[in-house]
1. Between L187 and Q155, what length comes free when the chain is fully extended (0.36 nm per residue of separation minus the Cα-Cα distance, one decimal in nm)?
2. Enumerate the calculated ³J(HN,Hα) couplings along segment 168-176 in order (Karplus 6.51 cos²θ - 1.76 cosθ + 1.60, θ = phi - 60°), each rounded to whole Hz, writing x wherever the residue is Gly or Pro.
3. Roughly how many Å² is the accessible area per residue of segment 114-264, as a whole number, for a 1.4 Å probe?
4. Which value, in Å² rounded to 10, gives the accessible area of K268 with a 1.4 Å probe and all protein chains present?
5. At 7 Å along Cα-to-Cβ for each site, give me the label-to-label distance between R76 and V167 in nm.
6. May I ask you to list the residues of segment 277-293 whose amide nitrogen lies under 16 Å from a point 7 Å from Cα along the Cα→beta-carbon direction of R243?
7. Restricting to segment 56-178, compute how many DSSP beta bridges are antiparallel as a %, nearest 5.
8. Using θ = phi - 60° and the Karplus curve 6.51 cos²θ - 1.76 cosθ + 1.60, what whole-Hz ³J(HN,Hα) does each residue of segment 132-137 get, with Gly and Pro shown as x?
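The values are calculated or read from the model by the stated rules, or taken from the named source; none is laboratory data. The structure presented is a predicted model; accordingly, all values stated were derived computationally and were not measured. Cβ sites come from the backbone with ideal geometry, for glycine too, and all protein chains shown count toward neighbours. For the accessible areas, the whole protein counts, side chains as well, though only heavy atoms, and no ligand, DNA or RNA atoms are used. Shrake-Rupley method; radii C 1.70, N 1.55, O 1.52, S 1.80 Å.
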Amino acid sequence: MTSRKSSFSRRSKATEVSKNTRVRTNRSSAGVGEKAVSRSRSSQVTLASKDRAVVSSGLEQRRAEIAQIKRRKRLRRGGVGALIVVIIVALGYLFWFSPVFAYDPGKTRVVGASEQVSAGQVKEELLTYAGRPLMRVPTGQVAATLKKENPWIKQIEVSREFPRGMVVHLTLRKPVAKTTQGAVVDLEGKVFPAKGFAVANLVTVVSSCHASDNRDCLKSAASVVESLPPEIKKKTRQAQAVRPENIELQLVSGQKVIWGASKDNQKKAQVLSVLMQRGGSVYNVTDYAHPTIIG
């Protein structure tokens, strides 16, 4: 029994020693591990700090490059803007003040002139602007002045023709009748001087309307005269307007035509051509569908 106990106690001591040794070994290895971890962490921290410095310096360099590019763009834009301003100023001086584009009356073209409104008359009116830069010639004012001084002009267009000329396009009035005073009348009822126009073959129009309606009456009478066929127009001596809607024709033969309002003129003229083939002193075509003959 004694021998067995001694052997057991020895084994237990040996076991305790081995346990202590293992614990120490584990502690020492743990210490070594902790030191290794702490060293790796410190190295990682150091590397992170170095990387941060590198990224920081890279951003600063990039920002400097971007700022430099922006400055170059601003300088470029400023240079282009200054160049545009210089060009505009130069062109403004060239067109508005320089004699390079000054108006020369000898280079004026007149389109649509006639005996009543000659090209010479138009050019004479434009002499006032000789030597003035074309851009400073008031074309609208020139057109209004010419139209006011020449009642034969119905429409006028004045335009510049570079480098030194002007173009004047004229649309003249067309006389369709005449007044008892020898003036002429167009389809708008406008009365203007004949100025050498042959009026012998024109029908005379007369207005007995109020002054406020006079032009409307002449317009209606002129419209009726213009719608007459040549063979009837030759036989017509006068067209009289009592009111704008009441027109009467006096024929050379002494016969009378009651026309009525100035509407359906073409149809009324056709009916009148048939009626005049019959005898009568008064032809009434006021209602062209139901015409009448008196006498």
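1. 10.1 nm
2. 10, 9, 10, 10, 8, 6, 10, x, 10
3. Per residue, segment 114-264 has an accessible area of 50 Å².
4. 10 Å²
5. 4.2 nm
6. 286-287
7. Expressed as a percentage, antiparallel bridges in segment 56-178 total about 70.
8. 7, x, 4, 5, 9, 8
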